[in-house]
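Only one structure is covered here, and it is reproduced in the block below.
The values are calculated or read from the model by the stated rules, or taken from the named source; none is laboratory data. Quick caveat, the model's predicted, so the values are computed rather than measured. Quick reminder, even Gly has a Cβ in these numbers, built from the backbone with ideal geometry, and neighbours come from all protein chains shown. Keep in mind that these areas ignore ligands, DNA and RNA; they rest on the heavy atoms of the full protein, side chains included. Shrake-Rupley method; radii C 1.70, N 1.55, O 1.52, S 1.80 Å.
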Amino acid sequence: MKLVSYNIQYGFGSDGRYDLARAARLVDGADIIALQEVERHWQRSNEDDQPEMLSRLLPDYHWVYGPAFDMDASERRDGRLLNRRRQFGTMVLSKLPIVWSRLHTLPLRRTLRPLNTRNAALECMIRTPAGPVRLFSLHLAHVAAEERLAQIDYLLAEHRRAPSEGGPWSGADDEPERNWSNGQPEPECPQAAIWLGDFNMEPGSAEYRRIVGSTPYHRGAVYIDGFVDAAAVASEPVRDFHTHEKIIDGKLARRRLDHCFIAGMLAPRVRSVRADIGEVASDHFPLRVEIDLETPGIVSRSADR
């Protein structure tokens, strides 16, 4: 299956032009799409409802939108109240149904300067042919490593609790006349997970090590509740691999800020990881991952119980 993660910078390209459609064209065709910096009703983007626009541009996908923050954008027109919310967040689109989703608002440190905004991780459970997987589209803080570390710790704790906590509901419906389960069995909450997004960190950083761990005596070791960098286990490594370019202190910096981290049981299934270097539809480049989610057999013991 083909996965893509893309920080679309609310439709503004590195050429300064606002064009949501060209960002959509870049991700169209992937099986699962994780987008960051998607917004609703901002002046800078023509007051557009971008999740709705993207759903029309990509009509073959199921989708969920998760706002990291939500502000009043209502107004009166012709004497009537038009209730609207100004939002900024992440989005997941999938050719397979998204069985359930939930939004994790991440820890935030208040700043005096620069501007700092709330971040979030959108979690979506998808039943792939290989088994159920929890897929995240997330965006971590851009200001400081300390804030990102707190956000990563939060996400790791949520990940480790997930199989024992379960999904939207658990147990047998003891009020069948109310039909709380809508006639469906208890939905899975598997240990298998994939994190996709803009992490605002580079390989080797403290934040990166917090996710993948540090095992100098057993290189390649993976804990059952741990993650590996998909790019590190891809069978086709890519040279000059980066997902973001920016002039810093007068020099062009090429950085890998966008990542795909996968639960350990998925590591042997990664086939390739690359970026569409040079695309100008955003200030980031799309990150593409090919992974075998067709061959059955990834359901963990904790999800089987």
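The table that follows gives values for the structure above.
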read-out	value
Virtual spin-label span in nm between Y223 and R255, 7 Å along Cα→Cβ	2.7
Å² per residue, accessible surface of segment 250-295 at 1.4 Å	38
Estimated dipole of the chain in Debye, rounded to 20 [Cβ of Lys and Arg +1, of Asp and Glu -1, Cα centre]	660
In Hz, Karplus ³J(HN,Hα) per residue of segment 19-31 (6.51, -1.76, 1.60; θ = phi - 60°; x = Gly, Pro)	7, 5, 5, 6, 5, 5, 4, 5, 9, 4, x, 5, 7
The chain: calculated mean residue ellipticity at 222 nm from DSSP helix runs of at least 4, using -39500 (n - 2.57)	-4500 deg cm²/dmol
Within a Gaussian network of the chain (alpha carbon springs, distance under 10 Å), most fluctuating of I33, I152, I248	I248
The chain, accessible surface, carbon-and-sulfur percent (1.4 angstrom probe)	47
Net charge of Cβ neighbours under 12 Å - reference G264; Lys, Arg +1; Asp, Glu -1	-1
Dipole of segment 1-141, positive end: most advanced residue of V133, F69, P97 [Cβ charges, Cα centre]	F69
H139 long-range amide H proximity, modeled H, under 5 Å	A120
Probe 1.4 Å, accessible area per residue of segment 30-115, Å²	58
Long-range HN-HN contacts of A275 with modeled amide H, under 5 Å	R288
Accessible area (Å², per residue) of segment 172-247, counting only protein heavy atoms and a probe of 1.4 Å	62
Charge dipole (the chain, unit charges on Cβ, about Cα centre) - positive-most of S164, H218, A120	H218
Environment charge at S14 (Cβ cut-off 10 Å; Lys +1, Arg +1, Asp -1, Glu -1)	-2
Residue of A230, A30, A130 that the Gaussian network model of the chain assigns the largest fluctuation, springs spanning Cα pairs under 10 Å	A130
